[in-house]
1. Residue by residue through region 163-208, note down the ones that are farther than 30 Å from residue 324 by Cβ and either assigned by TED's automatic domain parsing to the domain that holds residue 399 or within 18 Å of the chain's Cα centre (by Cα) (or both).
2. Identify, from the list 295, 279, the residue that is part of a helix (DSSP H, G or I), within 18 Å of the chain's Cα centre (by Cα) and surrounded by fewer than 22 Cβ atoms within 10 Å (Cβ to Cβ).
3. Going by what's in this entry, would residue 241 be described as surrounded by 21 or more Cβ atoms within 10 Å (Cβ to Cβ), out of contact with any strand residue (DSSP E or B) (no Cβ under 7 Å at 6 or more places or on another chain) and closer than 22 Å to residue 276 by Cα?
4. For region 256-276, which positions are under 19 Å from residue 217 (Cβ atoms) and either in a loop (DSSP other than H, G, I, E, B) or not assigned by TED's automatic domain parsing to the domain that holds residue 105 (or both)?
5. Filtering region 326-352 down to residues that are in contact (Cβ under 8 Å) with a residue 60 or more places away in the chain, assigned to a loop (DSSP other than H, G, I, E, B) and under 21 Å from the mean Cα position of the chain (by Cα), which residue is surrounded by the fewest Cβ atoms within 10 Å (Cβ to Cβ)?
6. Out of the residues in region 111-149 that are surrounded by fewer than 20 Cβ atoms within 10 Å (Cβ to Cβ) and at pLDDT below 95, state the one that is farthest from the chain's Cα centre (by Cα).
7. Within region 385-408, can you find the residues that are surrounded by 15 or more Cβ atoms within 10 Å (Cβ to Cβ), over 18 Å from the mean Cα position of the chain (by Cα) and more than 23 Å from residue 307 (Cα to Cα)?
8. Test of understanding: among 388, 393, 414, which residue is touching a strand residue (DSSP E or B) at 6+ places or on another chain (Cβ under 9 Å) and on the phi < 0 side of the Ramachandran plot?
């Protein structure tokens with residue numbers, strides 16, 4: 001399909017607008033959908049070709065047998081290959097991170113898994129940082145080694161000297177192919193310098209082997225941190241979290257250059273783990289309010305974190321907005337983060353039983369895993385999201401039975417404090433009986 005010069009000019013004008021202005025319309029042409037204001041759900045498995053010649057041409061473009069003409073759009077073939085809802089969604093997602101290309105998956109783990117299997121081969125090595133999401137930890141520690149892929153781990157927050165020493169001493173420096181970083185770390189909010197790792201990746205790359213730096217940006221989302229601006233090759237999200245934002249959809253995203261996304265999308269096609277049209281439509285809806293939601297969540301989180309910081313029943317608060325200037329983490333925070341975010345962890349005075357009693361006493365804040373939704377959530381990392389991490393490794397990461405993780409939503413901030421205060425009162429009555 002060939003666009004007009006008028007379409008090209010209009011696209012250029014809109015390209016200069018802010019992402020929050022473009023989330024309602026970018027990449028969508030109402031005239032192709034009976035003038036519908038919002039993109040419809042294209043709930044179909046396959047698409048009808050006008051002619052056999054058109055079908056042949058579409059497949060030649062899709063499989064890279066021919067180059068597309070200027071302003072030509074990829075023709076619709078089959079939803080496992082392409083679908084309007086997913087294509088428009090991917091176009092809009094690139095705007096927040098200033099990426100060239102995007103791919104949407106059936107879950108965050110599907111995106112991470114596909115990144116690993118696109119860029120790693122038997123004999124290669126991956127460097128990753130702990131703590132990370134439990135599923136990521138399990139993939140690198142237990143799954144990839146079954147396919148002859150070595151994993152080397154480092155503590156989140158490691159500096160360049162520590163990082164390079166680990167690579168040099170691992171015995172895999174000539175096999176390093178992927179650096180995978182989740183920053184801030186889940187659940188400790190520990191920051192790692194993205195630009196530093198970009199330099200490390202370049203140092204250990206060669207003419208025949210590029211070390212790809214992939215950053216899981218789920219904890220801060222596309223509004224509070226932009227890894228590509230700091231040298232990341234790929235950005236990964238669990239779109240279930242802030243991007244979806246309503247705890248009603250499961251999806252994943254990977255963004256980056258066209259060069260790197262081309263093999264990634266090819267792998268996705270054959271793995272069949274792309275998102276569905278319905279999921280794509282839901283995420284497009286959510287993108288329209290992403291900035292508003294995340295702004296409110298950050299404001300609420302600051303209020304809650306300040307309350308916890310001065311509470312006598314709290315031993316330690318893990319919140320980005322509380323990093324002090326003398327802390328080495330402060331420079332990283334100022335360089336790559338736009339906000340303290342909406343994720344807070346804290347160590348309650350006591351043991352697992354006390355932590356559970358506190359969690360069970362919450363009413364407004366729901367006891368559930370996941371994060372980034374409009375509702376506030378609380379969970380116990382050691383026994384829930386990170387339960388498959390061995391206890392000795394949990395201790396090394398700073399995850400203890402006292403730790404509680406909060407994902408702050410958009411509720412009234414005073415109601416959140418009231419709910420926490422009531423839970424602390426219940427906690428105090430139990431602690432006093434010990």
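1. 178
2. Details: 279 fails: surrounded by fewer than 22 Cβ atoms within 10 Å (Cβ to Cβ).
That would be 295, the only listed residue that is part of a helix (DSSP H, G or I), within 18 Å of the chain's Cα centre (by Cα) and surrounded by fewer than 22 Cβ atoms within 10 Å (Cβ to Cβ).
3. Details: surrounded by 21 or more Cβ atoms within 10 Å (Cβ to Cβ): yes; out of contact with any strand residue (DSSP E or B) (no Cβ under 7 Å at 6 or more places or on another chain): yes; closer than 22 Å to residue 276 by Cα: yes.
So residue 241 passes the test.
4. 257, 275
5. Filtering region 326-352 for residues in contact (Cβ under 8 Å) with a residue 60 or more places away in the chain gives 328-329, 332-333, 335-339, 341-346, 348-350.
Adding the requirement that they be assigned to a loop (DSSP other than H, G, I, E, B) leaves 337-339, 341-342, 349-350.
Filter once more, so that each one left must be under 21 Å from the mean Cα position of the chain (by Cα): 337-339, 341-342.
Numbers: 337: 19, 338: 13, 339: 20, 341: 29, 342: 34.
The qualifying residue surrounded by the fewest Cβ atoms within 10 Å (Cβ to Cβ) is 338.
6. Residue satisfying both the conditions and the ranking: 142.
7. Filtering region 385-408 down to residues surrounded by 15 or more Cβ atoms within 10 Å (Cβ to Cβ) leaves 385-386, 389, 393-394, 397-408.
With the extra rule that they be over 18 Å from the mean Cα position of the chain (by Cα), the set shrinks to 389, 393-394, 397-404.
Across region 385-408, the qualifying residues are 389, 393, 394, 397.
8. Working: 388 fails: touching a strand residue (DSSP E or B) at 6+ places or on another chain (Cβ under 9 Å); 414 fails: touching a strand residue (DSSP E or B) at 6+ places or on another chain (Cβ under 9 Å).
Only one candidate qualifies: 393.
The values are calculated or read from the model by the stated rules, or taken from the named source; none is laboratory data. The structure displayed is predicted, hence computed values, not measured ones. With ideal geometry, Cβ positions are generated from the backbone for all residues, glycine too; neighbour counts draw on all protein chains shown.
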